[in-house]
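Working notes, beginning with the structure itself.
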Amino acid sequence: MNYFEHIGKYFMMLKQVFTKPQRGRVFREALSRETEELGIKSLGIVIFISFFIGGVIALQTALNLNNPLIPKSLIGFAAKRSIILEFAPTFCSIILAGKVGSYITSSIGTMRVTEQIDALEVMGINSLNYLVLPKIIATVFFYPFLITLGMILGIFGGWVAGNLSGLFTGTDYIEGLQADFDPFLIKYSIIKTLIFAFIIATVPSYHGYYVKGGSLEVGKASTQSVVWTIVLIVIANYFLTQMLLT
């Protein structure tokens, strides 16, 4: 199947996804379940990675700015920009693409090969709306919170790393954080997060929904969905950066 056919099927899938839910109570239950599975259960990995990567960014910046003529406050400034602009929205989204994307594809793909989706269609239920829309809403509304938390913990991790290593002081680091702060950078990061969250929810859903075969094909579809989700995140990151920052 060529790429144009995949793109066409993807947008036809989205057209069926964005219809009015048939039963409000069932939709709310599904949304609550997906928020827990896709969002709350991802808190641990985001917290862990954000804290330590923030520390690594600060340490590497400090080690590369060892000229006595360069103020130590520049370490906090550089770490802040790196974490807010790229690490938190892009790197964390790629991690979530691997964790969440494989789960979405495998769960929907298993329903497809065990004919559970066919049973939903027989009962007159819009299976795409029932399965995919709660995932989209859960990720789009919850992931900005996850990424904001990642920003905070990444910056805090840099502060802790400086105090433990002695390469720079907490006062210098905080001074750098406060220097030349632009609120638009936060908006830029959130905008990217919303686009990435939509990709993370829909691309794996597409691969899972249209999988054919058995359990082996579901596994292959999970791997393929993660790869394509990451590729699309990287491409979207390039164009969003060019449109919003240049």
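The values are calculated or read from the model by the stated rules, or taken from the named source; none is laboratory data. If you're wondering where the values come from, they're calculated on a predicted model, not measured in any experiment. Because the Cβ atoms are built from the backbone with ideal geometry, glycine has one as well, and the counts that use them run over all protein chains shown.
Quick one: which residue in 184, 198, 239, 156 is hydrophobic (A, V, I, L, M, F, W, C), out of contact with any strand residue (DSSP E or B) (no Cβ under 8 Å at 6 or more places or on another chain) and under 26 Å from residue 109 (Cβ atoms)? Show your work before the answer.
Details: 184 fails: under 26 Å from residue 109 (Cβ atoms); 239 fails: under 26 Å from residue 109 (Cβ atoms); 156 fails: under 26 Å from residue 109 (Cβ atoms).
Just one listed residue meets the conditions, 198.
Output the residues belonging to region 212-224 that are within 9 Å of residue 109 (Cβ to Cβ) and within 23 Å of the chain's Cα centre (by Cα).
Selection gives 218, 219, 221, 222.
Specify which of the listed residues (35, 19) is more than 30 Å from residue 164 (Cβ to Cβ), within 24 Å of the chain's Cα centre (by Cα) and of a type outside the set (A, V, I, L, M).
Exactly one of 35, 19 is more than 30 Å from residue 164 (Cβ to Cβ), within 24 Å of the chain's Cα centre (by Cα) and of a type outside the set (A, V, I, L, M), namely 35.
Based on what the data block shows, is residue 217 over 30 Å from residue 3 (Cα atoms), assigned to a helix (DSSP H, G or I) and in contact (Cβ under 8 Å) with a residue 12 or more places away in the chain?
So residue 217 fails the test.
Among 43, 14, which is within 15 Å of the chain's Cα centre (by Cα), closer than 24 Å to residue 193 by Cα, hydrophobic (A, V, I, L, M, F, W, C) and modelled with pLDDT of 90 or more?
Details: 14 fails: within 15 Å of the chain's Cα centre (by Cα).
Going through 43, 14 in turn, the sole match is 43.
Quick one: would you say residue 41 is out of contact with any Ser or Thr (no Cβ under 9 Å at 6 or more places or on another chain) and either on the phi > 0 side of the Ramachandran plot or charged (D, E, K, R) (or both)?
yes
Does any residue of region 61-73 turn out to be out of contact with any Leu (no Cβ under 7 Å at 6 or more places or on another chain) and within 29 Å of residue 228 (Cβ to Cβ)?
Within region 61-73, none of the residues are out of contact with any Leu (no Cβ under 7 Å at 6 or more places or on another chain) and within 29 Å of residue 228 (Cβ to Cβ).
Hey, among 174, 230, which residue is within 30 Å of residue 108 (Cα to Cα), in contact (Cβ under 8 Å) with a residue 24 or more places away in the chain and among the hydrophobic types (A, V, I, L, M, F, W, C)?
230
Only one of (1) in contact with a Pro (Cβ under 6 Å, 6 or more places away or on another chain); (2) under 16 Å from residue 82 (Cα atoms) is not met by residue 183, so which one is it?
(1)
Among residues belonging to region 153-201 that are of a type in the set (S, T, N, Q) and part of a helix (DSSP H, G or I), point out the one that is surrounded by the most Cβ atoms within 10 Å (Cβ to Cβ).
This residue is 193.
Pairs only if they're at least six apart or on different chains, beta carbon under 7 angstrom, first in region 65-81 and among the aromatic types (Phe, Trp, Tyr), second surrounded by 16 or more Cβ atoms within 10 Å (Cβ to Cβ); list them, first residue then second.
Listed by first residue and then by second, the contacts come to 77/176.
Answer yes or no: is there a residue in region 132-146 that is farther than 25 Å from residue 15 by Cα, out of contact with any Cys (no Cβ under 6 Å at 6 or more places or on another chain), modelled with pLDDT of 90 or more and in a helix (DSSP H, G or I).
Initial filter on region 132-146 (farther than 25 Å from residue 15 by Cα): 145-146.
Now narrow it down to the ones that are out of contact with any Cys (no Cβ under 6 Å at 6 or more places or on another chain): 145-146.
This time we only want the ones that are modelled with pLDDT of 90 or more, so: 145-146.
So of that shortlist, the ones also in a helix (DSSP H, G or I) come out as 145-146.
Checked against the condition, which is being farther than 25 Å from residue 15 by Cα, out of contact with any Cys (no Cβ under 6 Å at 6 or more places or on another chain), modelled with pLDDT of 90 or more and in a helix (DSSP H, G or I), region 132-146 yields at least one hit.
In region 195-209, is there at least one residue being over 13 Å from the mean Cα position of the chain (by Cα), modelled with pLDDT under 90 and among the aromatic types (Phe, Trp, Tyr)? Walk me through it before giving the result.
First, the residues of region 195-209 that are over 13 Å from the mean Cα position of the chain (by Cα): 205-209.
This time we only want the ones that are modelled with pLDDT under 90, so: none.
Among the residues of region 195-209, not one is over 13 Å from the mean Cα position of the chain (by Cα), modelled with pLDDT under 90 and among the aromatic types (Phe, Trp, Tyr), which makes the answer no.
Considering only region 202-212, how many residues are surrounded by 13 or more Cβ atoms within 10 Å (Cβ to Cβ) and either free of Cβ contacts under 8 Å to residues at least 12 places away in the same chain or not hydroxyl-bearing (Ser, Thr, Tyr) (or both)?
Counting residues in region 202-212 that are surrounded by 13 or more Cβ atoms within 10 Å (Cβ to Cβ) and either free of Cβ contacts under 8 Å to residues at least 12 places away in the same chain or not hydroxyl-bearing (Ser, Thr, Tyr) (or both) gives 5.
Being out of contact with any Pro (no Cβ under 6 Å at 6 or more places or on another chain), farther than 30 Å from residue 183 by Cα and not in a helix (DSSP H, G or I) is the requirement here; does residue 124 meet it?
Yes; evaluated as a whole, the condition is true for this residue.
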